[in-house]
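Just below is one structure, and these are the notes that go with it.
The values are calculated or read from the model by the stated rules, or taken from the named source; none is laboratory data. In this text the structure is predicted, and so the values were computed from the model without any measurement. Side chains included, ligands, DNA and RNA excluded: accessible areas come from the protein's heavy atoms. Shrake-Rupley method; radii C 1.70, N 1.55, O 1.52, S 1.80 Å.
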Amino acid sequence: MMSEMQIHTIARQMMEKHGLTAIAQAAHNAQSCETKGDIEEAKEWRHIEDAMKLMRGPHQS
């Protein structure tokens with residue numbers, strides 16, 4: 001299991017490289033892991049996805 005620091009480092013790097021599409025990529029990775037039955041890795045991808053959503057900030061209306 002990754003540490004909180006590792007999660008946020010990966011999330012930041014993905015956001016820098018891919019922008020907001022990184023959130024969708026993390027969700028896709030999590031879904032792929034869930035399909036394969038790799039629940040622990042899927043949880044890590046969901047955690048990365050959540051970290052990126054926090055970095056993005058709230059939606060504007």
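Out of the total accessible area of the chain (probe 1.4 Å, heavy atoms of protein only), what percent is carbon and sulfur?
Numbers: 2410 of 4380 Å².
Carbon with sulfur: 55 percent of the solvent-accessible area.
Heavy-atom accessible area for E49, with the other protein chains in place and a 1.4 Å probe, reaches approximately 20 Å². Helical content alone sets the calculated 222 nm signal of the chain at -26500 deg cm²/dmol, taking -39,500 (n - 2.57) per DSSP H segment of four or more residues and averaging over every residue. Amide H to amide H distances under 5 Å link D38 with no residue, where only residues 5 or more positions off or on other chains count and H is placed in the peptide plane. Its relative contact order, with pairs defined as Cα atoms under 8 Å and 6+ residues apart, puts the range 1-55 at 45 percent. Note that the range 40-55 has calculated 3J(HN,Hα) couplings of 5, 5, 4, 4, 5, 5, 5, 5, 4, 4, 4, 5, 5, 5, 5, 5 Hz, one per residue in order, obtained from phi through the Karplus relation 6.51 cos²θ - 1.76 cosθ + 1.60 (θ = phi - 60°); glycine and proline are x. For the range 6-17, putting each phi into the Karplus relation 6.51 cos²θ - 1.76 cosθ + 1.60 with θ = phi - 60° gives couplings of 5, 4, 5, 5, 5, 4, 5, 5, 5, 5, 5, 7 Hz, in residue order, rounded to whole numbers and with x for Gly and Pro. With all projection directions averaged, the alpha carbon convex hull of the chain covers 4.2 nm².
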